[in-house]
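See below for the structure under consideration.
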Amino acid sequence: MPRFTNPLLALALLIANSANAIETLAYTVLAEGEAIEIRAYEPHLLASVSVGSNFENAGSQGFRPLFNYIAGNNADDMKISMTSPVIQEPDSARWQVSFVMPGQFDLESLPEPRSDQVKLGQRPSTIMAAISYRGGWSRDLFLEHERRLFAALENMPYVACGPSKWARHDPPMMPWFMRRNEILVQVCRAGSDGALASLAATKEG
């Protein structure tokens, strides 16, 4: 068994192993581009809150009511396992922060939240472009990798037809340089009627 003389490194590896043990949102890789993947996500359930904050603080504001919900602040006093990622996406002039619910649940079996802030909903199957990166949770780092994602999409037969989502896989106590993050954006086949329809619906929403 390896021994670590650096206690901070040992703690970081322990946290990383714990994070890797939790359930993650499942997907199938359909294609790969320059540092990006095209993924098919199955329908899944989200517990979400809408917060009025800036990009970097929205996650912290949304985390507490969502954590309270899975910790038992619900109609059945049920504890629900934490999953990854935590998803943040635009919600008009606000931000929507979401926990993915474990795959064992459906809308009927999920307990109702006690908090009016927490809303439950189902997302349909979706095709997403994804870029992964490690590092801190700054807006500048997000925008840098978002630009890389859209640049890579230009060389693939897909176009974005939805807003960018920020997916964070690690807890705040994870050292910043080890945090695994992703940017996800819904895509459609370039030139397809579905792409135009989805893009129009996004703009109307």
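A compact table of results
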| item | result |
| --- | --- |
| Residue list for segment 118-140, restricted to those being outside any strand (DSSP E or B) and surrounded by fewer than 16 Cβ atoms within 10 Å (Cβ to Cβ) | Pro124, Ser125, Gly135, Gly136, Ser138, Arg139, Asp140 |
| Qualifying position, being exposed (fewer than 15 other Cβ atoms within 10 Å of the Cβ), of a type in the set (A, V, I, L, M, F, W, C) and not assigned by TED's automatic domain parsing to the domain that holds Leu184, among Ala58, Ala71 | Ala71 |
| Matching residues in segment 137-163 - criterion: being under 15 Å from the mean Cα position of the chain (by Cα) and of a type in the set (Gly, Ala, Ser) | Gly162 |
| Ser98 in a strand (DSSP E or B), in contact (Cβ under 8 Å) with a residue 40 or more places away in the chain and not assigned by TED's automatic domain parsing to the domain that holds Val51 | no |
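The values are calculated or read from the model by the stated rules, or taken from the named source; none is laboratory data. None of these values were measured; they are calculated from a predicted model. Reconstructed Cβ throughout: ideal geometry from the backbone, glycine too, with neighbour counts over all protein chains shown.
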